[in-house]
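The values are calculated or read from the model by the stated rules, or taken from the named source; none is laboratory data. Here the structure is a predicted model, which means the values were calculated and not measured. As a convention, Cβ positions derive from the backbone with ideal geometry for all residues, glycine included, and neighbour counts pool all protein chains shown. The accessibility values were calculated without ligands, DNA or RNA, using every heavy atom of the protein model including side chains. Shrake-Rupley method; radii C 1.70, N 1.55, O 1.52, S 1.80 Å.
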Amino acid sequence: MRFCPQCASRLEEREIEGRRRPACPTCGFVWYLDPKVAVAVVVLDEGRVLLCRRTADPGRGRWSFPAGFMDRGERVEAAAAREVREETGLEVALGRLVGVYSEEGNPVVLVVFVGRPVGGRLHPSHEVAELGFFSPDDLPPLAFQHDRTILRDALAAAEGQSERNDRPVGGCDRG
């Protein structure tokens, strides 16, 4: 962004809140570079994990969890279930939140849930070359360095999970 969206003046780099940020010298507008939120689901079924062979970079040709970006105003749980459905054809019940992952210098914040299939028919979308269920001890080449950490965290979350911890998508638990 080079010009202020409020007054059209040229933005300048300024020290604001301990960081260099684009700011308007005329009206004081500050441009904050917000992160992009992505969701992923570690789908577990009978001790195996569902992986998708990626058709896009980064990680083209390698395997990872069903994942994608949230839409503005979308609930994270709804986005997670939507991404699984779009990429795999499966409907899932989301379980526990596995974790929130981020890296220095990377604008993506990844929110990961564990889930289990409850319906649908397994078939790859145009974003996925191939789908497969794999034993955690016999995984194909993974797309991202953090995938093994996420899988370890998801398996730990699933071990402590009971059926009553599964929650439907769309509503808040209110007691």
Taking segment 23-79 as the region of interest, how many residues are basic (K, R) and within 10 Å of the chain's Cα centre (by Cα)? 1
Could you list, in sequence order, all residues of segment 45-69 that are of a type in the set (A, V, I, L, M, F, W, C), open to solvent by 30 Å² or more (accessible area, probe 1.4 Å) and out of contact with any Asp or Glu (no Cβ under 8 Å at 6 or more places or on another chain)? F69
Please note which strands (runs of 3 or more DSSP E) are completely contained in segment 1-113 and include at least 2 residues that are farther than 27 Å from E127 by Cα. 12-16, 19-23
Quick check on segment 70-95: of everything there that is basic (K, R) and farther than 21 Å from T55 by Cα, which residue is most open to solvent (accessible area, probe 1.4 Å)? R72
Residues to consider are L142, L155; find the one that is under 25 Å from D57 (Cα atoms) and at pLDDT 85 or above. L142
Test each condition in (1) without any contact (Cβ under 8 Å) to a residue 40 or more places away in the chain; (2) out of contact with any strand residue (DSSP E or B) (no Cβ under 6 Å at 6 or more places or on another chain); (3) open to solvent by less than 60 Å² (accessible area, probe 1.4 Å) for D137 and report the one that comes out false. (3)
Determine which single condition L110 fails, assuming it passes every other condition in (1) touching a helix residue (DSSP H, G or I) at 6+ places or on another chain (Cβ under 9 Å); (2) without any contact (Cβ under 8 Å) to a residue 40 or more places away in the chain. (2)
